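Q: One structure coming up, written as structure tokens, with questions to follow.
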Amino acid sequence: MTATDSAPADPIIRIDGLRVRRGREEVLRDISLQVARGGCHCLVGPNGAGKSTLLAAILGFLPFGGRIRLFWRGNQRLGYVPQRAAVDTSVPLTALEFLALQRIRRPVFLGISRRVRRHMLELLESGGLATLADTPIAGLSGGELQRLLFLNAVDPRPELLLLDEPTSGLDVAAREAFEQLLAGLLREHELTVFMVSHDPAQVQRLADRVTLLDRAIVADGAPGEVLGEVRAGYALLPPRGRG
Amino acid sequence: MQGFYDWFAAAARAGMLPASFEYAFVIRGILAVLLVAPLLGGLSHLVVARRLAFFSSALGHAALTGLTLGLLMGEPINSAYGGIVGFCLLTAVAMVFVRRHSSLPPDTLIGVFLSLTLGLGICLLVAVTKRFNIHQIESVMFGSLLTVTDRDLLLLLLASLGIGAVLIRHYNELLLDSTVPTLGRLAGNRAVFLEYLFVVLLTMAIVVSLKIIGALLVESLVVVPAAAARNLSWSVRSYLLISILVALTACLLGLFLSTQWLVPTGGAIVLSIAALFFVTMAVGALRAR
């Protein structure tokens with residue numbers, strides 16, 4: 001059960017021999033992986049396994065050895081939902097201003113045109129956040145902030161969407177709301193989702209394919225098989241360094 | 001400009017304006033704070049968002065060293081801009097460079113630079129005081145209206161326009177880079193460029209404001225307005241506008257106090273802005289109830 005055993009015929013991401021070092025430490029070694037076009041591919045593994053690092057390498061945020069290729073067919077747009085902890089909420093940006101930052105050239109303090117405002121309100125409406133348009137992001141709950149990050153990433157619709165632990169730390173209701181949004185998007189649009197998740201139940205619900213990572217690829221295949229591997233010996237949550 | 005000052009003096013003598021408007025240095029002071037307050041107050045929310053408060057303090061101290069270097073190289077005491085700009089820019093760029101290439105916490109590294117520049121400045125100050133009156137040096141350390149010239153005002157105006165234009169061009173990128181850096185990078189923003197760009201703009205703003213607020217107190221005007229505004233703001237627009245309003249109120253109040261009680265302008269402005277911060281904190285706490 002390796003990446004090459006059952007490589008998808010039509011990959012959107014193809015990674016060959018990826019290596020990432022942080023100082024003297026090898027964070028990822030010899031990663032070869034293909035992500036099939038369409039559907040949801042989940043990346044699981046213990047803390048410190050290099051999952052977020054793998055996403056960062058795909059996004060081009062850090063130097064790496066080996067090769068990562070993206071095979072575009074549509075609008076070539078890459079959406080990214082970072083971890084909530086990566087958002088500094090100390091600036092009193094409203095939800096609308098946050099969305100506007102990436103959509104208008106005019107400084108947000110000069111105001112948002114009626115046309116752009118209407119579009120962003122529709123976007124917020126689609127995620128159930130319309131009433132929070134003028135709420136500072138610091139005033140949003142974890143689930144609301146996560147949905148805002150998600151809406152920001154899927155407008156305009158990306159061809160490839162990368163998500164980094166989007167439901168980590170959320171309560172059941174917030175997690176379900178988020179999963180509904182994602183499932184709806186997957187149903188209605190042709191896009192590929194590559195998602196880091198710590199939640200085996202969520203992976204079971206959403207994933208078409210799963211990769212278990214622990215600095216190298218441990219298993220890659222159908223959700224049932226890989227999650228079986230997880231249950232057999234790999235706990236997703238405990239930190240590295242187990243015996 | 002003399003005709004402009006004469007008009008105010010005549011109006012003051014006729015009782016149409018307060019008596020202090022008879023003096024050209026007071027008019028220059030008011031013009032200076034009308035330029036300094038929007039410049040530093042406007043920058044302050046980005047300084048706070050980008051966690052550069054301590055960095056700004058180090059730059060203020062570097063300005064003192066830059067002044068002594070400029071004087072030792074033969075610049076006039078009233079406009080040692082070459083030494084101040086050169087040394088502050090060098091220090092700012094070096095701090096960012098070292099911070100980007102070190103795993104030590106940023107405040108630790110800035111502390112190292114602050115010690116270095118201050119130590120160097122104090123050593124050079126001994127040499128400088130042999131040639132210049134210490135009171136002239138004090139005016140740069142603590143700010144003084146008496147030393148502001150028409151040339152300083154022109155420089156302040158041009159710097160404000162230039163810095164404002166660049167900030168407007170890159171504002172959304174800077175804010176996104178401060179809030180969610182990864183999304184900024186994905187959107188094609190050059191994080192390294194933005195980091196250096198902002199510290200250069202901040203350095204220039206601090207340097208041209210030194211004569212009003214003083215090298216040792218300039219940090220207050222690039223940090224406290226945003227801190228006060230944060231207590232009351234509900235959006236980025238309100239954050240910026242309240243920051244500028246707080247800076248403007250504090251500067252005018254400080255100017256008034258300094259001319260009334262003959263205390264250093266910088267000190268009076270800092271006391272005013274600190275008072276405003278506590279007022280906004282109290283108002284914010286009352287509103288939150």
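All of the numbers you see were taken from the coordinates with simple rules; none came from a lab. Just so you know, these numbers come straight off a predicted model, no measurement behind them. Here the Cβ positions follow ideal geometry from the backbone for every residue, glycine too, while neighbour counts run over all protein chains shown.
Q: Report the chymotrypsin sites (Phe, Trp or Tyr not before Pro) located in segment B:200-289 that are in a DSSP loop and have at most 16 other Cβ atoms inside 10 Å of their Cβ, or state none.
A: Passing sites in segment B:200-289 are B:Trp234.
Q: Then there is this: Based on the mean of other Cβ atoms within 10 Å per residue, sort peptides A:132-141, B:81-90 so the most packed one is first.
A: B:81-90, A:132-141
Q: If you don't mind, another one. Would you mind pulling out the separation of the Cα centroids of segment A:74-97 and segment B:77-143, in Å?
A: Answer, in whole Å: 38.
Q: So which trypsin sites (Lys or Arg not before Pro) in segment B:67-158 pass both tests, a DSSP loop state and at most 12 other Cβ atoms within 10 Å of the Cβ? Walk me through the numbers on the way to the answer.
A: On the way: sites: B:Arg99, B:Arg100, B:Lys130, B:Arg131, B:Arg151; in loops: B:Lys130, B:Arg131.
Of the trypsin sites (Lys or Arg not before Pro), the ones in loops of segment B:67-158 whose Cβ has at most 12 other Cβ atoms within 10 Å are B:Lys130, B:Arg131.
Q: Then there is this: Taking the Cα atoms of segment B:124-281, report the difference between the largest and smallest coordinate on each principal axis, in whole Å and largest first.
A: Cα spread of segment B:124-281 along its principal axes, largest to smallest: 55, 38, 28 Å.
Q: Mind checking segment B:5-85 for trypsin sites (Lys or Arg not before Pro) that DSSP puts in a loop (not H, G, I, E or B) and that have at most 16 other Cβ atoms within 10 Å?
A: Taking segment B:5-85 and a limit of 16 other Cβ atoms within 10 Å, the loop trypsin sites (Lys or Arg not before Pro) found are B:Arg51.
Q: Moving on to the next point. Rounded, prolate or oblate: which fits segment A:1-92 when a ≥ b ≥ c are the square roots of the eigenvalues of the alpha-carbon gyration tensor, with rounded for a/c under 1.5 and prolate only if a/b beats b/c?
A: Verdict is oblate for segment A:1-92.
Q: Next question. Just counting partner chain Cβ atoms within 10 Å, what average do the residues of peptide A:80-92 show around their Cβ?
A: Numbers: counts 6, 2, 5, 1, 0, 0, 5, 5, 7, 2, 6, 14, 12.
Mean shielding count: 5.
Q: For the pair A:Glu179 and A:Ala85, how long in nm is the line joining their label points, each one 7 Å along Cα→Cβ?
A: 2.3 nm
Q: What whole-number distance in Å separates the alpha-carbon centres of segment B:209-228 and segment A:157-196?
A: 45 Å
Q: Would you work out which of B:Thr280, B:Phe21, B:Ala228 lies farthest towards the positive end of the dipole of the protein assembly as shown, given +1 charges on the beta-carbon of Lys and Arg and -1 on that of Asp and Glu, about the Cα centre?
A: It is B:Phe21, whose Cα lies furthest towards the positive end.
Q: Something else now. Quick one: grab the alpha carbon gyration tensor of segment B:2-283, order the square roots of its eigenvalues as a ≥ b ≥ c, and give me rounded if a/c is under 1.5, else prolate or oblate depending on whether a/b is larger than b/c.
A: Cα axes put segment B:2-283 in the oblate bin.
Q: Only Cα pairs under 8 Å and at least 6 apart count here; give the relative contact order of segment B:175-279 as a rounded whole percent.
A: Working: 92 pairs, mean separation 23.8, N = 105.
The normalised contact order for segment B:175-279 reaches 23 percent.
Q: Share of antiparallel DSSP beta bridges in the protein assembly as shown, in percent to the nearest 5?
A: 50 percent
Q: OK, next. Can you grab the distance from the C-alpha centre of segment B:185-201 to the C-alpha centre of segment B:1-36, Å, no decimals?
A: So the two Cα centres are separated by 41 Å.
Q: I would also like to ask the following. Just want to confirm a number: the relative contact order over segment A:93-155, from Cα pairs under 8 angstrom separated by 6+ residues, in percent. Walk me through the numbers before you get to the answer.
A: Working: 45 pairs, mean separation 26.4, N = 63.
After rounding, I find 42 percent.
Q: While we're looking at this one, here's another question. In segment A:98-231, what % of DSSP beta bridges are antiparallel (nearest 5)?
A: 45 percent
Q: For chain A, I need the span (max minus min coordinate) of the C-alpha atoms along each principal axis, in Å, sorted largest to smallest.
A: 53, 39, 36
Q: Something else about it: With +1 on each Lys and Arg Cβ and -1 on each Asp and Glu Cβ, how big is the dipole of the protein assembly as shown about its Cα centre, in debye rounded to the nearest 20?
A: Values: 47 positive and 38 negative charges, 98 e Å.
Approximately 460 debye in magnitude.
Q: Between B:Ala19 and A:Asn47, what is the spin-label point distance in nm, taking each point 7 Å from the Cα along the Cα→C-beta axis?
A: 7.0 nm
Q: Under 8 Å for C-alpha pairs, at least 6 residues apart: give me the relative contact order for segment B:2-283, rounded to a whole percent. Numbers along the way, then the final one.
A: Numbers: 404 pairs, mean separation 79.3, N = 282.
Relative contact order of segment B:2-283: 28 percent.
Q: Once fully extended, how much extra length lies between B:Asp107 and B:Ser79, figured as 0.36 nm per residue of separation less the alpha-carbon to alpha-carbon distance?
A: Values: separation 28, 0.36 × 28 = 10.08 nm, distance 3.12 nm.
So the chain would gain 7.0 nm between B:Asp107 and B:Ser79.
Q: Roughly how many nanometres apart are two label points built 7 Å out from the Cα toward the Cβ at B:Val166 and A:Arg29?
A: With each label point 7 Å from Cα toward Cβ, the separation is 4.6 nm.
Q: Here is a follow-up. Calculate the radius of gyration of the Cα atoms of segment A:170-215 to one decimal place, then report Dmax, the largest Cα-Cα distance, as a whole number, both in Å.
A: Rg, Dmax (Cα atoms, Å): 11.5, 34.
Q: Place a point 7 Å from Cα of B:Val279 in the direction of its Cβ. Which residues in segment B:1-40 have their backbone N less than 11 Å from it?
A: Of the residues in segment B:1-40, none has backbone N under 11 Å from the label point off B:Val279.
Q: What does the average come to when, for each residue of peptide B:164-173, you count the partner chain Cβ atoms lying within 10 Å of its Cβ?
A: So the per-residue partner count for this stretch is 3.
Q: Using only helices, what value at 222 nm comes out for the protein assembly as shown when you add -39,500 (n - 2.57) per DSSP H run of length 4 or more and divide by the total residues, to the nearest 500 deg cm²/dmol?
A: Result for the protein assembly as shown, helices only: -19500 deg cm²/dmol.
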